[in-house]
Every structure is written in C-alpha cells, then in structure tokens.
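Here the structure is laid out as structure tokens; the discussion comes afterwards.
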Amino acid sequence: MNGISWRVKLLVTRVPLGAALGVVALAGTLALFAAPAPATLRVVARYAVPGAPSSPTDVRWASENSVYLVRNEHGVAEVKLAPGLPVVRTLVPNRAMGNLSRLFSHVAASEGVLAYADWERRLGWRPIQASPDGKVLFTMKHVALTEGLDLRGDRLLLLGIGVEEGLEDSYDRQGGLAGFGKLNSDFRDLKPLRLDSEGRGAPHYSRCGILEAGGTRFLQDGSMFLVPAVEPGAFLYDDEGTLLRSWTNADLGVDDLCSGVTKEVSRTFFRSALKSRAWRSSHRLVDAVLPLPQGPAVIVRTMVDGRPSWQLKVLGSHGILTFAIPVPNVGPNDRLMADARGGSIVLLRTAQLLSFEDEFTPAELLVMELPTR
C-alpha cells in the first residue's frame, strides 16, 4: 500500500509544465464563458411598417403614443403607435407637392419646430403647429451633406458639411464635421463643434459620409453628444461647445469606418450600393445615438453569421453599461434608427438606403425599455 501511495504522489508531482499551463488556460477559458451575458432591453410593443408607398428612413417621438415617421419619397407624418400605424397628420408632404424636398433622410423635433433633411442637399423646417388661418411657413436651406441633426428649442445641432456653395464660410474653411447654432440664422453662422483632422472642406466626410453612421444629439441638460463615425471617438460638449469628455473606438467597441477609404474607394461607394453596404457591414459601427436619462448612449451594429446584431451602450459617469437589443426578423442589410423619450426607446428597423435605386422594403417599429433591474 505504501508503495502504491508513493507512486501516485510521484505521478502527480511530475505533471509537465506545459500540461499545467494548459490546465490554467482551460480554467481561464471556462471563466470567460461563465461571464454573464449583457442584460436585454425589454420589448414593449412591435408594429409592422409597410414598405409602400416608400421606404421609412427615420423616426422621432412625437408624443407618448405617436412618432414622426420619415419615408424616403413621401415626407414626414405623425403616426399613432397602433396596429396599421394610422396617420395623425402629415407635417411635410411628399415630393409631388412642390419643391419642398425629396428623398427624405432625417428628422428632428423640439417643442415647437420640426426639421428634416434630404439626400439632395437640403435642410428644411416648419413650426409644428400651423397658424390660426391654417397656413404653414416652410424654410429651406442648402447644405452640402447632412448625416444627423437635432433640435433643442431654436438651437440646431448638425452632423455634416455646411454650406453647399463652397468653402467661403468659416465652418467649411475650418473643416467642420459637426456644428451648432440658431436654426433661424444663416448657416454660415454655424459654430464648429468638431473639426476634421484633414482640415478644409472636411475630407473625411466627403469620402465616408455616404456610409451613414454615427449621430449627434442634445442631452436633457443642453449638453451635446457627437459620434462623427468618419473619424474615431465619441465626444460630449457643454452647451457652449466646450469638450467635457471623450470615448475611444475601443471604449465603444467599434472600428474606424474611414480607415483605408481613399478617394478612389469612395467613388466606388457612390457607384455601387453593393460595395458600400459590404464595406459598412465589414465594420462594427454606431448605427444611432440616444439621449437617455442615464447619459448618452450608442447603438452598435455588428455582423454575426451574415446578419446584423445590435447592442445598446450607455456611457454613464461610472462606466459603460451594455444591453442586448432583441430585434426579430433581421435582414442582412438592416440598420436601426432610434429615439428616446424618457426611458422609452423607439427603434426603426429598416434596410440601409445607400442608393437611389434601392427598392422599397417593409420595416418595423419596436418600442423598448431598459430592464428594471
């Protein structure tokens, strides 16, 4: 018995170093797999959005029970969150109603004003309420490129290139990627919030803006949150434009979308929706940004087995909280547009429109909330 006992001890003490390290590595791997999965947003309601008469492109809350829904060729309507999405009213008519705009892309709203942008380099706005005689005054401005916008009272927050006519204004001379100012003022008065690292004319936006990523929003305290996407990072500014805090791409878990995009590569994006989609889908990127009560948040899109998957990342003062976003019926070209009203989040799952020839596709509105625990 003693001999047997001694031989067993000898075998144990002579375990090779490599095998021991393998045991340690296996333990580390098991610990990694045992890490808790991120909490999941709670789905409150789902509403089908028909692809006709044209594809939906953006959404914002209008009231507790309705949203402003943008359609590519049919303007902006307030729709009730109910089966069939009945139209409450049309705020911006479709392109057949004159020269207001066409090929609509983005919408923003404040207490009394609604603003919208299109793919034909125009940005317009109107008072949400008509005058007593029923008339509505629409104001239009030409801009070179709008990839995101937000309103707070009469203040405009713009992500994109400024005046279309050239580089004679200070915003474009300095290479503004994003700016802010009074909505009712000349756009030449836009104060740059973030400058392109290549300077004059914001070359990064000229090359990569068509990929449609990032966003910018006012937070509840008037501060401004920006994810340019065409350059790395996320940035929080006070209401006067002073930088308060920043996050890296590594913090967000996204890639540098514009890295490697030369002028020639950019031309292929404009010529081929297939190539622009392929480039976009090969990168982890910010699909949308949100102003939550807990702080600014980003929605990160990642391709998994040929289908997009999303996470919400809340950038709080004590760290980043991550939540899985359960989105059913996902198509390979889908992206998310989003808005927050208090703790309620509305998501528009819709196909990426990166070409004027894209066919109309059905979409879905999802109302979600952060988990209570």
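The values are calculated or read from the model by the stated rules, or taken from the named source; none is laboratory data. All of these numbers come straight from a predicted model, not from anything done at the bench. Neighbour counts run over all protein chains shown; Cβ positions are idealised from the backbone, glycine included.
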> Conditions: (1) assigned to a strand (DSSP E or B); (2) free of Cβ contacts under 8 Å to residues at least 40 places away in the same chain. Val330 meets all but one. Number of the miss?
Replying inline: (1)
> What is the one condition in (1) under 20 Å from Leu347 (Cα atoms); (2) more than 20 Å from the chain's Cα centre (by Cα) that Arg126 does not satisfy?
Replying inline: (1)
>> If Arg155 satisfies all but one of (1) modelled with pLDDT of 85 or more; (2) on the phi > 0 side of the Ramachandran plot, what's the number of the condition it fails?
In response: (2)
> Are there any pairs with C-beta distances below 6 angstrom linking a residue in region 119-145 that is touching a residue at least 12 places away in the same chain (Cβ under 8 Å) to a residue that is of a type in the set (S, T, N, Q) and part of a strand (DSSP E or B), with the two at least 6 apart or on different chains, and if so which?
Replying inline: Trp119/Ser105; Leu123/Thr146; Trp125/Thr139
>> Which count do you get for residues in region 253-306 that are without any contact (Cβ under 8 Å) to a residue 12 or more places away in the chain and charged (D, E, K, R)?
In response: 5
> Scanning for something closer than 23 Å to Asp196 by Cα, surrounded by 13 or more Cβ atoms within 10 Å (Cβ to Cβ), touching a residue at least 60 places away in the same chain (Cβ under 8 Å) and among the hydrophobic types (A, V, I, L, M, F, W, C), does region 307-326 turn up at least one residue?
Replying inline: no
> Can you tell me which of Arg301, Arg284, Arg277 is surrounded by 19 or more Cβ atoms within 10 Å (Cβ to Cβ) and either in contact with an Asp or Glu (Cβ under 7 Å, 6 or more places away or on another chain) or among the small types (Gly, Ala, Ser) (or both)?
Replying inline: Arg301
>> Condition first: small (Gly, Ala, Ser), in a strand (DSSP E or B), surrounded by 15 or more Cβ atoms within 10 Å (Cβ to Cβ) and in contact (Cβ under 8 Å) with a residue 24 or more places away in the chain. Now tell me which residues in region 43-78 satisfy that.
In response: Ala62, Gly75
>> Taking the condition of being within 11 Å of the chain's Cα centre (by Cα), farther than 16 Å from Tyr237 by Cα and either among the aliphatic types (A, V, I, L, M) or not in a strand (DSSP E or B) (or both), how many residues in region 285-297 meet it?
In response: 3
> Regarding Ala213, is this residue outside any helix (DSSP H, G or I), within 14 Å of the chain's Cα centre (by Cα) and either surrounded by fewer than 20 Cβ atoms within 10 Å (Cβ to Cβ) or on the phi > 0 side of the Ramachandran plot (or both)?
Replying inline: no
> From the set of residues in region 79-108 that are within 16 Å of Arg121 (Cβ to Cβ) and in a loop (DSSP other than H, G, I, E, B), which is modelled with the highest pLDDT?
Replying inline: Leu103
> Within region 336-351, can you find the residues that are out of contact with any Phe, Trp or Tyr (no Cβ under 7 Å at 6 or more places or on another chain) and either buried (at least 23 other Cβ atoms within 10 Å of the Cβ) or at pLDDT 95 or above (or both)?
Replying inline: Met337, Ala338, Ala340, Ser344, Ile345, Leu347, Leu348, Arg349, Thr350
